[in-house]
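The values are calculated or read from the model by the stated rules, or taken from the named source; none is laboratory data. If you're wondering where the values come from, they're calculated on a predicted model, not measured in any experiment. Here the Cβ positions follow ideal geometry from the backbone for every residue, glycine too, while neighbour counts run over all protein chains shown.
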């Protein structure tokens, strides 16, 4: 509630061909990041040019004031001079009030990690402060700006997508005067509310991963989420159908899906997960695909690829036939089929036949 009344300086006159003029900036923030210097009537195009000069009421109700002086000369050999500057002000006895809150009232969205800052109009009795944060959270206080500002700290992040209300139920200044509503700016309220950010969850990883092959028949399905989830919201779809049971861990950020009946060998399974976080927000796409598919281990061997492929034509007469199996094979058990004649019958492949030689590559499956 400071009232800035006048500005004066000495000397009051300047050498010929020189000018000394001033602008003033005021703020309630001692660390104001961008001081706005203006002249009479708070006009940035105007300057204080005569001493003493009354200061306009538009500068009032700010605790901090800065002055900038402009030295102007038409001759490099002469300059204007300044010995001292005096600002007169009065501060009437008054009750303290809240000048600023951060977050401001109705702010949305507010990061979950943001601390709560409150600046008062004067130095406060720090032992008198009583406040409430709802929903409740564990907090501590840190005073600054010569005990005229307090930061309400919370070690744990605030809940997401929640309306918070902060109420100062008691605060007194150093003289014992009680806190009153802001008489200057009605947008600064007590209590004040804000809404924390709403962050949708996503799946960070799955095991088996998308497109995994040769997955053990008894393997569990593990799904990791970006945050704690509402365990009751979990929905799991799997095809081919398989009975699954869920178990949560890692602070409800991981679910493990178990099955008594094993996967069907060689089958491709597709899994789809639905779930919401503690704020009721649904899953959004993340680094791990959802739905995703994987293939179970094949307990019996199968042909992975052939060269030439099925129905391929224009094959060179001396081309070898390459068959790739899913796992190592007993060589004596591998037979080829000669289809050059309509009455062809299976018989062992022999390199001596020349035109239809079979070569085998062996790959182990798990």
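Could you please find all residues in the stretch 249-267 being part of a strand (DSSP E or B) and within 20 Å of residue 200 (Cβ to Cβ)?
Taking the stretch 249-267 as the starting set, the residues that turn out to be part of a strand (DSSP E or B) are 249, 254-258.
Once the filter is applied, which keeps residues that are part of a strand (DSSP E or B) and within 20 Å of residue 200 (Cβ to Cβ), the stretch 249-267 yields 254, 255.
Which of the strands (runs of 3 or more DSSP E) contained wholly in the stretch 178-236 include at least 3 residues that are at pLDDT 95 or above and farther than 15 Å from residue 257 by Cβ? Talk me through it step by step, then tell me what you get.
Values: elements: 192-196, 203-207, 212-215, 221-225.
Of the strands (runs of 3 or more DSSP E) lying wholly inside the stretch 178-236, those with at least 3 residues that are at pLDDT 95 or above and farther than 15 Å from residue 257 by Cβ span 192-196.
Of 61, 41, which residue is outside the structural domain of residue 117 (by TED's automatic domain parsing), over 39 Å from the mean Cα position of the chain (by Cα) and at positive phi?
On the way: 61 fails: over 39 Å from the mean Cα position of the chain (by Cα).
Going through 61, 41 in turn, just one is outside the structural domain of residue 117 (by TED's automatic domain parsing), over 39 Å from the mean Cα position of the chain (by Cα) and at positive phi: 41.
Return a yes/no flag: does the stretch 61-73 have any residue that is surrounded by fewer than 16 Cβ atoms within 10 Å (Cβ to Cβ) and assigned to a loop (DSSP other than H, G, I, E, B). Checked the stretch 61-73: no residue is surrounded by fewer than 16 Cβ atoms within 10 Å (Cβ to Cβ) and assigned to a loop (DSSP other than H, G, I, E, B). Being without any contact (Cβ under 8 Å) to a residue 24 or more places away in the chain and either surrounded by 16 or more Cβ atoms within 10 Å (Cβ to Cβ) or over 30 Å from residue 162 (Cα atoms) (or both) is a condition met by no residue of the stretch 78-91.
Where strands (runs of 3 or more DSSP E) fall wholly inside the stretch 268-310, the ranges with 3 or more residues that are more than 32 Å from the chain's Cα centre (by Cα) are 303-307.
From the list 212, 228, 205, pick out the single residue that is free of Cβ contacts under 8 Å to residues at least 60 places away in the same chain and touching a strand residue (DSSP E or B) at 6+ places or on another chain (Cβ under 9 Å). Explain how you work it out, then say what you get.
Details: 212 fails: free of Cβ contacts under 8 Å to residues at least 60 places away in the same chain; 205 fails: free of Cβ contacts under 8 Å to residues at least 60 places away in the same chain.
Going through 212, 228, 205 in turn, the sole match is 228.
Restricting 324, 236 to residues that are under 23 Å from residue 215 (Cα atoms) and within 41 Å of the chain's Cα centre (by Cα) narrows the list to 236.
Can you confirm whether residue 243 is part of a loop (DSSP other than H, G, I, E, B), within 24 Å of residue 268 (Cα to Cα), assigned by TED's automatic domain parsing to the domain that holds residue 277 and free of Cβ contacts under 8 Å to residues at least 24 places away in the same chain?
On the way: part of a loop (DSSP other than H, G, I, E, B): yes; within 24 Å of residue 268 (Cα to Cα): yes; assigned by TED's automatic domain parsing to the domain that holds residue 277: yes; free of Cβ contacts under 8 Å to residues at least 24 places away in the same chain: yes.
Judged against the criteria, residue 243 is a match.
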